[in-house]
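Below is one structure, written out as structure tokens; the observations come after it.
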There are 2 protein chains.
Amino acid sequence: MKVHNFSAGPGILPKEVLQKAAAACLDVNHSGLSLLEVSHRGKDVIAVFDTAVSLVKKHLGIGDDYAVVFLQGGASMQFSMVPANFLNGKAAYLNTGVWASKAIKEAELYGVTHLVASSKDRNFAYIPKGYNIPTDVDYFHITSNNTIYGTQMRTFPESPVPLFCDMSSDIFSHRIDGNKFDLIYAGVQKNMGPAGATLVVLKKELLQKIKRTLPSMLNYAIHVEGESMYNTPPVFAVYVSMLTLEWLDTNGGVEWAEKRNKAKAELFYSELDRNSQFVGTVDTEDRSWMNANFVMAAPEKEEIFKGMLKEANINGLAGHRSVGGFRASMYNAMDIDSVQVLVDVMKSFEQKNG
Amino acid sequence: MKVHNFSAGPGILPKEVLQKAAAACLDVNHSGLSLLEVSHRGKDVIAVFDTAVSLVKKHLGIGDDYAVVFLQGGASMQFSMVPANFLNGKAAYLNTGVWASKAIKEAELYGVTHLVASSKDRNFAYIPKGYNIPTDVDYFHITSNNTIYGTQMRTFPESPVPLFCDMSSDIFSHRIDGNKFDLIYAGVQKNMGPAGATLVVLKKELLQKIKRTLPSMLNYAIHVEGESMYNTPPVFAVYVSMLTLEWLDTNGGVEWAEKRNKAKAELFYSELDRNSQFVGTVDTEDRSWMNANFVMAAPEKEEIFKGMLKEANINGLAGHRSVGGFRASMYNAMDIDSVQVLVDVMKSFEQKNG
């Protein structure tokens with residue numbers, strides 16, 4: 001029986017990707033060897049990285065003025081690498097949640113942070129708007145999707161300074177113009193792969209701005225020069241990311257993903273708004289298509305609802321441990337059928353317990 | 001037909017480990033979900049980490065005074081993390097090759113390095129001996145096995161200061177007393193897993209000595225506190241490491257591995273010494289059991305030998321691009337049969353071309 005995987009991350013991956021990943025654990029390209037035990041300098045692995053890089057560029061709509069590398073350490077490592085490389089005086093940050101706050105904290109080790117705006121006053125239930133981006137800063141850093149709270153920026157500000165974005169939880173989920181961004185990073189484990197790899201996309205001209213003497217592993221220029229292989233890269237995590245990008249590409253790319261994600265979000269949120277038993281926790285206009293947060297009108301009935309979820313084979317709907325409640329994560333790989341199953345359970349709960 | 005995988009790393013893994021890894025890509029613990037798409041905070045993944053940590057402790061013979069974490073970034077990241085955390089004034093290093101040299105270079109960003117001894121004078125073809133370890137340093141750093149050159153320390157100096165060791169390419173290959181070391185690290189992709197995870201073992205009391213304000217991801221105390229889950233860990237790479245540790249444990253642990261690795265090394269090196277067509281490149285007493293380096297007596301016949309290797313399904317025998325020649329890597333997972341196949345090809349080459 002199909003399990004409906006609403007996990008916030010590591011999150012759902014396409015079945016055909018998982019099947020190919022399993023096959024590669026046993027044999028890569030009819031070599032008689034597993035992908036897990038071959039040299040990263042061999043042609044099989046180099047082809048994986050080349051394909052992944054080229055699909056990333058295609059679906060962000062960017063050209064050869066950008067470098068694309070796969071690193072390790074997730075967004076958490078990027079929170080430090082970004083300022084280590086590019087914060088030479090002052091940088092601007094938008095605070096939209098726990099991850100943005102962590103990025104700000106790490107940046108403070110390297111220079112002055114200017115807080116452009118914050119939605120902390122209402123527990124990050126909205127995306128701040130109408131703020132001014134200063135012109136005397138090295139960059140402006142935003143978080144496009146806030147996994148923990150369920151808010152998302154799907155349009156982006158015009159920035160007078162280089163625009164940097166943590167897209168960990170919504171990269172490739174809808175069309176964006178990659179050229180608006182000078183640096184994009186994403187832990188791949190939400191929307192494009194398993195845990196263990198981090199995508200970094202940056203304008204090559206940025207590399208000229210690195211002034212600090214840095215540990216080699218923290219220096220973007222070294223990783224770009226080494227084409228993701230300055231040190232042994234996380235081969236399997238990048239391979240699964242490549243498979244997921246191929247799956248996206250074959251199905252119609254980000255345009256297809258956008259239609260599908262919009263349809264899933266509309267199905268879910270229209271039920272959330274209609275149903276008397278559940279309450280959304282974020283401002284309507286800032287609702288994320290990736291993570292939908294909600295609580296129960298009657299919290300004392302949570303256990304009943306949880307029992308019904310279990311019976312319907314719905315997995316991973318618990319809210320983040322820091323906020324509680326529920327969270328439906330509906331990443332690219334999720335079919336609308338799974339959202340329909342959840343909506344049906346919500347309807348059924350209302351009928352029985354409303 | 002069986003392929004004999006002599007790759008230097010990522011290296012050979014046991015067939016049964018690969019089969020279990022493939023199965024987990026499709027379904028973990030009959031959950032209906034892949035290991036690649038479930039939360040790292042769920043019970044399935046936490047059990048993986050607990051088992052891996054407990055097997056690491058068992059086979060290093062260490063107790064609860066040690067912390068064990070799985071990080072990302074390989075030994076290359078440890079080259080920086082070690083001095084960032086523990087080099088407060090001066091540290092001593094033994095230079096036995098490219099990786100040790102890189103560790104020294106990264107340490108120089110954080111303090112003074114004292115070079116205890118080096119074998120660079122003869123292209124790292126031996127392990128220096130008879131050196132003095134100073135007492136006024138924060139730690140003494142060594143590299144137990146030098147993958148590129150094929151030298152290995154199987155006995156270790158008594159150190160008057162904390163002893164730190166990069167064991168990336170020979171951890172769990174023979175019995176050691178883990179209690180001799182204050183810190184051990186290893187990229188897992190040589191002898192205990194696929195690329196993408198780094199094992200770090202350190203005495204808990206060391207954590208008191210961290211004085212710098214560090215990026216969170218570079219701070220051992222934060223990773224120990226988070227039990228490898230301060231940020232999303234590389235779940236699959238740790239899972240395969242756990243499977244490999246279970247395989248080791250079931251077969252008889254490091255005692256069994258030591259017997260088997262010694263037998264493989266003896267088989268190979270006795271042929272190398274006997275055969276007129278091949279010449280070892282390192283001092284006999286410092287030969288590694290993991291990586292055996294050699295060149296041809298008649299280098300112009302290399303292509304003939306390479307053809308014979310290919311015909312015998314021998315893979316990954318090329319030397320590192322920085323030294324050339326040949327290198328037979330015989331990690332834990334390699335059966336003696338594969339070494340016998342290589343020895344037979346060497347004999348056959350001598351008969352036909354000697």
Is chain B best put as rounded, prolate or oblate by its Cα gyration tensor, with a ≥ b ≥ c the root eigenvalues, rounded for a/c under 1.5, and otherwise prolate when a/b is larger than b/c, oblate when not? oblate
Footprinting proxy, B:His223, A:His114: sorted fewest to most Cβ within 10 Å, the residues are A:His114, B:His223
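For peptide B:315-323, compute the average count of partner chain beta-carbon atoms within 10 Å of each residue's beta-carbon.
2
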Any idea what the relative contact order of chain B is, in percent, if you count C-alpha pairs under 8 Å spaced at least 6 apart? 23
Can you compute the label reach from B:Asp64? Point 7 Å from Cα along the Cβ direction, backbone N cut-off under 14 Å, restricted to the range B:190-209. B:204
Quick check for you: which residues of the range B:139-154 have the amide N under 18 Å from the point 7 Å beyond the Cα of B:Val295 toward its beta carbon? B:148-151
Treating the protein assembly as shown as a set of equal point scatterers at the Cα positions, no solvent, please give the Debye-formula log₁₀ I(q)/I(0) at q = 0.05, 0.07, 0.11 Å⁻¹. -0.25, -0.49, -1.15
Of the trypsin sites (Lys or Arg not before Pro) in the range B:312-353, those whose Cβ has at most 16 other Cβ within 10 Å and which sit in DSSP loop: B:Arg321
Inside 10 Å of the C-beta atoms of B:237-243, what's the mean count of C-beta atoms belonging to other chains? 2
Spacing of the two label points (7 Å from each Cα toward its C-beta) at A:Asn179 and A:Asp337, in nm: 4.0
Over 32 Å between alpha carbons, listed pairs B:Lys129/B:Lys203; A:Lys203/B:Lys105; A:Lys20/A:Lys180: A:Lys20/A:Lys180
Which is farthest toward the positive dipole end of the protein assembly as shown among B:Phe140, A:Ser54, B:Gly9, measuring Cα position about the Cα centre, with Cβ charges +1 (Lys, Arg) and -1 (Asp, Glu)? B:Phe140
Can you run phi through the Karplus equation (6.51, -1.76, 1.60; θ = phi - 60°) for the range A:192-205 and list ³J(HN,Hα) in whole Hz, with x for Gly and Pro? 9, x, x, 5, x, 9, 10, 8, 10, 10, 8, 5, 4, 5
Within the range B:248-286, whose backbone N sits under 19 Å from a point 7 Å along Cα→Cβ of B:Ile304? B:272, B:274-280
Connecting every pair of Cα atoms under 10 Å apart in chain A and solving the GNM, the largest mean-square fluctuation among A:Val28, A:Val116, A:Val224 falls on A:Val28
Restricting to DSSP loop positions (anything but H, G, I, E, B) with no more than 13 other Cβ atoms inside 10 Å of their own Cβ, which chymotrypsin sites (Phe, Trp or Tyr not before Pro) remain in the range A:1-68? none
DSSP loop trypsin sites (Lys or Arg not before Pro) in the range B:148-194 with at most 10 other Cβ atoms within 10 Å of their Cβ, which ones? none
Pop a pseudo-label 7 angstrom from the Cα along the beta-carbon direction at both B:Ser270 and A:Lys90 and give the gap in nm to one decimal. 7.5
Among the listed pairs A:Lys90/A:Lys209; B:Lys58/B:Lys259; A:Lys120/A:Lys259; A:Lys306/A:Lys352; A:Lys264/A:Lys306, give every one whose C-alpha distance is greater than 24 Å. A:Lys120/A:Lys259
Other-copy label distances relative to B:Thr135, 7 angstrom Cα-Cβ extension, nm: 6.4
Is the shape of the range A:91-188 best called rounded, prolate or oblate, per the rule: a/c under 1.5 gives rounded, else a/b larger than b/c gives prolate, else oblate, with a ≥ b ≥ c the square roots of the Cα gyration tensor eigenvalues? rounded
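Hey, got the average number of other protein chain Cβ atoms within 10 angstrom for residues in B:207-214?
Per-residue shielding by partner chains comes out at 1.
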For the range A:258-335 and the range B:100-167, what is the separation of their C-alpha centers, rounded to whole Å? 55
Which residues qualify? For B:Ala318, with a placed amide H closer than 5 Å and at least 5 residues away or on another chain, they are B:Arg327
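Rule-based calculations on the coordinates, nothing more; no lab input. Every value quoted in this text rests on a predicted model; they were computed, and no experiment measured them. Reconstructed Cβ throughout: ideal geometry from the backbone, glycine too, with neighbour counts over all protein chains shown.
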